[in-house]
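What follows is calculated from the coordinates using simple rules that are stated; it is not laboratory data. Because the structure is a prediction, the values reported are computed rather than measured. So basically every Cβ, Gly included, is an ideal-geometry build from the backbone, and we count neighbours across all protein chains shown.
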Amino acid sequence: MTLNVGVIGVGMIGREHINRLANTLVGARVVALADVDAKQAEAVAAGLPGAKVYPDGEALIASPDVQAVVVTSWGPTHAAYVLAAIRAMKPVFCEKPLATTAEACLSIVEAEIASGRHLVQVGFQRRYDKGYRALKKAIDDGAIGAPLMIHCAHRNPAVPEAYVSDMAIVDTFIHEIDALRWLIGDDYVSAQVLKPRNTKHTHARLDDPIIVLLATKNGVRIDGEVFVNCRYGYDIRCEVVGEEGVASLPEPESVVLRKEAKLSTTIMQDWKLRFIDSYDVELQDWIEAAKAGKVNGPNAWDGYFAAVTADACLEAMHHGGVAEIKTATRPKFYD
């Protein structure tokens, strides 16, 4: 069976997913596109035999030719499209954020439960990265005993002027929020944000770096550095300290050079290259799960929990102190 997929949003990540679905992965074909820029959608469709451009996302979702939906449009549009897909009873893969508010995420959770089917997956691709999966296996296997602390860092070489302080949480650290909770299987209960001295490479509307402190229900303490103008490269780090040992996220594969009296490896500069394989594995898994009528990856509840945690981090960053993380009771539907 081939899954007929409609993609809403043909910007950078949308075009990358379209290319994956059309040229890399198996079991799916792109039959429909929609974007606020109709000309851009037409240009992309020209390279996809048989693909039709729809006037808007709602029309695409309603089409009987579309069996499943990928949402890669502007964040504030996500909730409406995901809810429309649920009403149409069509599996939907939504890039993060699931919605821009926790309330909107909860409305998606409630709609999915009311539908009686698991339909929603959120694009937190780190769960599909082979390094993160190896790290989780070490934790789950008890190789280091019970986790006590996590130290992590998310570093970018540089960001544009339009990148402001809130984005360090909702666009950058949001990946750690989901991945760390998944790694240790433990929910957060509080958040705090510390602001060290700013780098000279930042600007007036961006505190950089910041340190996010999270505490979990089981007492694990997490410190996460976000440094988006580090200059030297794109660098993702994670170290889990347990009762019996320490487990660290492996470095991406790189050739070791011995040259001119130096030992060196290349540091990646682009997040798309760092996680390119995980995007492939993620979407292939979604295709197979959608055809089987289930969701294997991050679900609507995970998207909601990430949004609540991000809101608490923003509260702590804006007002200081420790912000409590309070969510609705996890529904049995997501057990």
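Observations
- Here is the list for region 260-335: trypsin sites (Lys or Arg not before Pro) lying in DSSP coil, each with at most 16 other C-beta atoms within 10 angstrom of its C-beta, are Lys294, Lys326.
- Descending semi-axes in whole angstrom, ellipsoid equivalent of region 67-199, from the Cα gyration tensor: 28, 22, 14
- When you filter the GluC sites (Glu not before Pro) in region 105-207 for DSSP loop state and at most 10 other Cβ atoms inside 10 Å of their Cβ, you are left with Glu161.
- Considering only Cα atoms, the convex hull volume of region 130-268 works out to 135 Å³ per residue.
- For the options Val159, Val120, Val228, a Gaussian network treatment of the chain with springs between C-alpha atoms closer than 10 Å singles out Val159 as fluctuating the most.
- With at most 13 other Cβ atoms within 10 Å, longest stretch of the chain clear of loop chymotrypsin sites (Phe, Trp or Tyr not before Pro) (DSSP): 75-231
- 16 Å Cα-Cα reach of Lys90 towards lysines, excluding residues that sit fewer than 8 places from it in its own chain: Lys291, Lys294
- A DSSP coil position with no more than 13 other Cβ atoms inside 10 Å describes the following trypsin sites (Lys or Arg not before Pro) in region 145-235: Arg197, Lys200, Arg205, Lys217, Arg231.
- Counting all C-alpha pairs of the chain, share separated by more than 34 Å (%): 26
- Over region 130-268, relative contact order from alpha-carbon pairs under 8 Å, at least 6 apart, %: 36
- Computed from backbone phi with θ = phi - 60° and the Karplus coefficients 6.51, -1.76 and 1.60, the 3J(HN,Hα) list for region 194-206 is 10, 10, x, 4, 5, 5, 5, 8, 8, 9, 4, 9, 9 Hz; x is used for glycine and proline.
- Whole-angstrom gap from region 17-75 to region 102-157, using each part's C-alpha centre: 27
- Qualifying lysines (Cα of each under 19 Å from Cα of Lys39; at least 8 residues distant if same chain): Lys52
- Size of charge dipole - region 211-335 - debye, nearest 20, with Cβ of Lys, Arg +1 and Asp, Glu -1, no other charges: 100
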